[in-house]
Amino acid sequence: MTDNPAKAPSMSLAGRTALVTGGTRGIGAATAVALAQSGARVCIVARDAAQVEKMVDECRALELDLSGASADLSRIQDLDRLFDRLSLSKLDMLINNVGTNIRRGAADYSREEFAAVMNTNLISAWELSRLAYPLLRSSSDAAIVNVTSVAGLTHLGTGTPYAMSKAAMIQMTRSLAVEWAADAIRVNAVAPWYTDTPLARGVLNDPEYHAAVVRRTPLGRIATAREVACAIAFLCSASASFITGQCLAVDGGFSAAGFDGLRQDG
Ligand SMILES: NC(=O)c1ccc[n+]([C@@H]2O[C@H](COP(=O)([O-])OP(=O)(O)OC[C@H]3O[C@@H](n4cnc5c(N)ncnc54)[C@H](OP(=O)(O)O)[C@@H]3O)[C@@H](O)[C@H]2O)c1
């Protein structure tokens, strides 16, 4: 990047191509829209083909450059076939966003449940990063953003496999950032706390739990998917050109808050 202090900081992604996994709802959909609104050509992937088609139609109606494909990214066969099916001639940004959770006590997980969480959250990100590497290496401005969680930083009672998968994604982020810095591929992560999406609504629909989450969040509310998407778009942009190997908590101050004995409401 050449420094030109006369130029305003740019969040533009014009001319760049992005692949967003899990782009039909929640954080992935908001990210696909934010990247496309910043000028990128965006491809989304999710399992439900009808939802992919719906998202593509809605975005095209807004004149956003979006295409999509359906695949189950927890399955190695689907991962292996994905890049052939998409036939992308270039790729500048990979957003590893798909994620799932199964909540149980550690002793109660079946091996299949453990594998389902790990394959969806961690193995898909690992394999897709490696599959995308040849295209990203050819880009003059390449970025990977992994969507992890504050559950990868500290205990949240989300279930241990989910926390393990997210913690491993954070270390994968650091390791790939250093290994692929020579190829000018920046690798970062975002770690959201509770965000208003279909995945989180399952637990946030309980008013007492929702209130406890809000009480524990210094900014006093949960995030919108758009707020996480904006952090991802920033990490992809030229404004983040010297940032790599970092995990940015998008958490309303949750991970910064230890104990504040002066607050009356906590
Ligand atoms: N929401 C939160 O509070 C929160 C907090 C911290 C971290 N996160 C992380 O943020 C990411 C997005 O979460 P979200 O809340 O936006 O989830 P969500 O609302 O459940 O959306 C998940 C997206 O991923 C797709 N997907 C799920 N499994 C897939 C698979 N095996 N193959 C392909 N696509 C798949 C879904 O579409 P299909 O079902 O059609 O496949 C959907 O598009 C996840 O990694 C999650 O762990 C979320």
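The values are calculated or read from the model by the stated rules, or taken from the named source; none is laboratory data. Computed from a prediction, not measured in an experiment: that's the story for all the values here. When we count neighbours, we look across all protein chains shown, and the Cβ atoms used for this are built from the backbone with ideal geometry, even at glycine.
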> Do you know which residues across the stretch 166-181 are under 16 Å from LEU136 (Cβ atoms) and either free of Cβ contacts under 8 Å to residues at least 24 places away in the same chain or touching a Ser or Thr at 6+ places or on another chain (Cβ under 7 Å) (or both)?
Replying inline: SER175, LEU176, ALA177, GLU179, ALA181
> So GLY99 fits all but one of (1) surrounded by 15 or more Cβ atoms within 10 Å (Cβ to Cβ); (2) out of contact with any Phe, Trp or Tyr (no Cβ under 9 Å at 6 or more places or on another chain); what number is the exception?
Replying inline: (2)
> So, of the residues in the stretch 65-101 that are in contact (Cβ under 8 Å) with a residue 60 or more places away in the chain and either away from the ligand (no atom under 15 Å from the Cβ) or more than 17 Å from ALA18 (Cα to Cα) (or both), which turns out to be nearest to the chain's Cα centre (by Cα)?
Replying inline: GLY99
>> Suppose we filter the stretch 146-160 for residues that are away from the ligand (no atom under 11 Å from the Cβ) and touching a helix residue (DSSP H, G or I) at 6+ places or on another chain (Cβ under 6 Å); how many remain?
In response: 1
> Just to be sure, is LEU204 within 14 Å of the chain's Cα centre (by Cα) and more than 30 Å from PRO5 (Cα to Cα)?
Replying inline: no
> Of the residues that sit in the stretch 70-87 and are aliphatic (A, V, I, L, M) and at pLDDT 95 or above, which one is farthest from THR24 (Cα to Cα)?
Replying inline: ILE76
>> Cβ-Cβ distance below 8 Å, separation of 6 or more or different chains: which pairs start in the stretch 23-41 with a residue that is farther than 19 Å from MET11 by Cα and in contact (Cβ under 8 Å) with a residue 24 or more places away in the chain and end on one that is of a type in the set (D, E, K, R) and near the ligand (Cβ under 6 Å from one of its atoms)?
In response: THR24/ASP48
> Yes or no: ARG137 among the charged types (D, E, K, R) and touching a helix residue (DSSP H, G or I) at 6+ places or on another chain (Cβ under 9 Å)?
Replying inline: yes
> Got a number for residues in the stretch 1-26 being touching a strand residue (DSSP E or B) at 6+ places or on another chain (Cβ under 9 Å) and farther than 30 Å from SER74 by Cβ?
Replying inline: 1
> Consider GLN246 against the criteria (1) away from the ligand (no atom under 16 Å from the Cβ); (2) closer than 23 Å to SER129 by Cβ; (3) in contact with an Asp or Glu (Cβ under 8 Å, 6 or more places away or on another chain); (4) of a type outside the set (A, V, I, L, M, F, W, C): it satisfies all of them except one. Which criterion is unmet?
Replying inline: (3)
